[in-house]
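Written out below as structure tokens is the structure these notes cover.
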Amino acid sequence: MIEKTDLSFERAVLIGIVTREQDEDKLEEYLDELEFLTYTAGGEVIKRFSQKMDVPNPKTFIGSGKMEDVKQFVKEEEIGAVIFDDELSPAQQKNIEKILKCKILDRTGLILDIFAQRAKTSYARTQVELAQYEYLLPRLAGMWTHLERQRGGIGMRGPGETEIETDRRIVRDKISLLKKKLATIDKQMEVQRGNRGQLVRVALVGYTNVGKSTLMNVISKSEVFAENKLFATLDTTVRKVVIRNLPFLLTDTVGFIRKLPTQLVESFKSTLDEVRESDLLLHVVDISHPNFEEHIDSVNQILSEIEALGKPTLMVFNKIDAYEPEQLDEDDLITEKTSAHYSLKEWKKTWMNRLGDNVLFISALNKENLEDFRRKVYEAVRKIHITRFPYNNFLYPEYDKYGEKK
Ligand SMILES: Nc1nc2c(ncn2[C@@H]2O[C@H](COP(=O)(O)OP(=O)(O)OP(=O)(O)O)[C@@H](O)[C@H]2O)c(=O)[nH]1
Ligand SMILES: [Mg+2]
């Protein structure tokens, strides 16, 4: 694995821009998420900088005046890392590094870093490593790589052209090696999936930190690592679950996020195959998160990228225990009522109503409404099971109201 940028206990600042499409409130929400990502990576955010601009500066992303402020702050406050919410071009990253003389990360770099930290199995590590090298390749020029340490020495300005070429070749070789390694593992995984037989396959999908693993643990009585950080799960877990008399396979897998780096989607393709090949999706949503509607869009976008959109889906709104609408005073005639003020009851009358029966409101933590969950999942799995085993009805005998087999 590529040495990870160690952000442990690092003091960091965040930088984002306000544009026509992204107003100040939106930026704050995005920076909240970036701060959570930074915290997950082990860093501490000391300050946020933002600038209004129509288009980012092609050389330094933000303008030179603002950059001067950041530089001053970085120096005075002993900041170790400056993190941008948007993707920086390799040239921008290099230029900014020169000015600020500290670690410069963009959102993609930060997410890759967290994945690197959290990948435990050799399979996950190989996938992350491939994504890291693909991210690194266009950024090699002028970068201080550790591929050839012997080149070091005080006063080195960075590798010359021929050395960059050598670095590029090393990285390209590494990439093709990793791809071969993954192809071998993929074959094994495919065989494994084939061996699981014809049981109906159900996959938990959703934004990161919504409670997928917690739900998996509650439903399958297994112990899957869950914690209040982003990307707690990188490896896929599959458990056999039986509801009443109906067995099926339940998969817990990596969570999604807005602007999930394409390199990661690419190299996690085989992990995501698990989702693509499943028969039913349980799309878990953290309804207590102010941005949950946008989260749903991000998840759907990634699902469509991996060709998994349009499958039978149950929308599972989780964390109802933590849902709190913003309060609106009765005599307040100025504040406009928005969806942030909706009660759960009001929410159910919105677009959620159109989802008909395919929607659930639960708390995996407090085990609220889990009976409803089991019933709906049972119904959905049964529907698929019947089409697959039309003659095998002993698995799910229907009972009449007297409890006798029909
Ligand atoms: N209040 C509340 N918290 C919950 C609920 N379900 C899960 N959580 C918490 O949410 C956090 C994330 O839970 P996980 O189960 O790790 O979430 P995940 O979707 O698997 O996350 P990733 O693997 O990171 O994608 C943990 O701190 C859980 O305790 C719930 O119903 N209510
Ligand atoms: Mg998880």
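The values are calculated or read from the model by the stated rules, or taken from the named source; none is laboratory data. Since we're looking at a predicted model, the values are computed, not measured. Quick reminder, even Gly has a Cβ in these numbers, built from the backbone with ideal geometry, and neighbours come from all protein chains shown. Remember, those area values only see protein heavy atoms, side chains included, never the ligands or the DNA or RNA. Shrake-Rupley method; radii C 1.70, N 1.55, O 1.52, S 1.80 Å.
Structural remarks
- Qualifying residue in the stretch 185-202 (condition: within 16 Å of ligand 1 (Cβ to nearest atom) and of a type outside the set (S, T, Y)): yes
- Filter result for K367 (loosely packed, with under 13 Cβ neighbours inside 10 Å and farther than 21 Å from V242 by Cα): no
- Residue in the stretch 185-200 that is nearest to ligand 2 (Cβ to nearest atom), counting only those that are open to solvent by 50 Å² or more (accessible area, probe 1.4 Å) and assigned to a loop (DSSP other than H, G, I, E, B): R196
- Qualifying residues in the stretch 306-333 (those that are over 30 Å from R382 (Cβ atoms) and of a type in the set (D, E)) - the one nearest to the chain's Cα centre (by Cα): E324
- Just one of the numbered conditions (1) touching a helix residue (DSSP H, G or I) at 6+ places or on another chain (Cβ under 8 Å); (2) more than 16 Å from ligand 1 (Cβ to nearest atom) is not true of V316: (2).
- Among the candidates L215, L246, L199, L182, residue that is closer than 21 Å to A119 by Cβ and of a type outside the set (V, I, T): L182
- Residues being open to solvent by less than 80 Å² (accessible area, probe 1.4 Å), more than 30 Å from L177 (Cα to Cα) and modelled with pLDDT under 95 - total across the stretch 41-56: 4
- Extreme residue, nearest to the chain's Cα centre (by Cα), among residues of the stretch 370-395 that are open to solvent by 60 Å² or more (accessible area, probe 1.4 Å) and basic (K, R): R374
- Selection from the stretch 273-291 of residues that are closer than 30 Å to E28 by Cβ and within 14 Å of ligand 1 (Cβ to nearest atom): H283, V284, V285, D286, I287, S288, H289
- Criterion: surrounded by 21 or more Cβ atoms within 10 Å (Cβ to Cβ) and assigned to a loop (DSSP other than H, G, I, E, B) - qualifying residue of L37, L105, L88: L88
- Any hit, the stretch 248-271, residues being away from ligand 2 (no atom under 16 Å from the Cβ), closer than 20 Å to K376 by Cβ, without any contact (Cβ under 8 Å) to a residue 60 or more places away in the chain and touching a strand residue (DSSP E or B) at 6+ places or on another chain (Cβ under 7 Å): yes
- Boolean, A141 is open to solvent by less than 10 Å² (accessible area, probe 1.4 Å), in contact with a helix residue (DSSP H, G or I) (Cβ under 9 Å, 6 or more places away or on another chain) and either in a loop (DSSP other than H, G, I, E, B) or at pLDDT 80 or above (or both): no
- The set of residues in the stretch 201-221 that are within 12 Å of ligand 2 (Cβ to nearest atom) and among the β-branched types (V, I, T) comprises V205, T208, V210, T214.
- Taking the stretch 201-294 and the helices (runs of 4 or more DSSP H) fully enclosed by it, the elements with 3 or more residues that are at pLDDT below 90 are at 262-267, 269-276.
- Taking the stretch 332-364 as the range and being in a loop (DSSP other than H, G, I, E, B), at pLDDT 85 or above and open to solvent by 50 Å² or more (accessible area, probe 1.4 Å) as the test, the residues that pass are Y342, K349, D357, N358.
- Residues that are touching a Gly at 6+ places or on another chain (Cβ under 9 Å) and either more than 12 Å from ligand 1 (Cβ to nearest atom) or β-branched (V, I, T) (or both), drawn from the stretch 203-248: V205, T208, V210, T233
- Residue list for the stretch 10-22, filter: within 23 Å of the chain's Cα centre (by Cα) and open to solvent by 30 Å² or more (accessible area, probe 1.4 Å): E10, E21
- Selected residue (only one of I243, I257 is hydrophobic (A, V, I, L, M, F, W, C) and either within 23 Å of E371 (Cβ to Cβ) or surrounded by fewer than 21 Cβ atoms within 10 Å (Cβ to Cβ) (or both)): I243
- The requirement of being open to solvent by 60 Å² or more (accessible area, probe 1.4 Å) and within 21 Å of S220 (Cα to Cα) is fulfilled somewhere in the stretch 271-280, by at least one residue.
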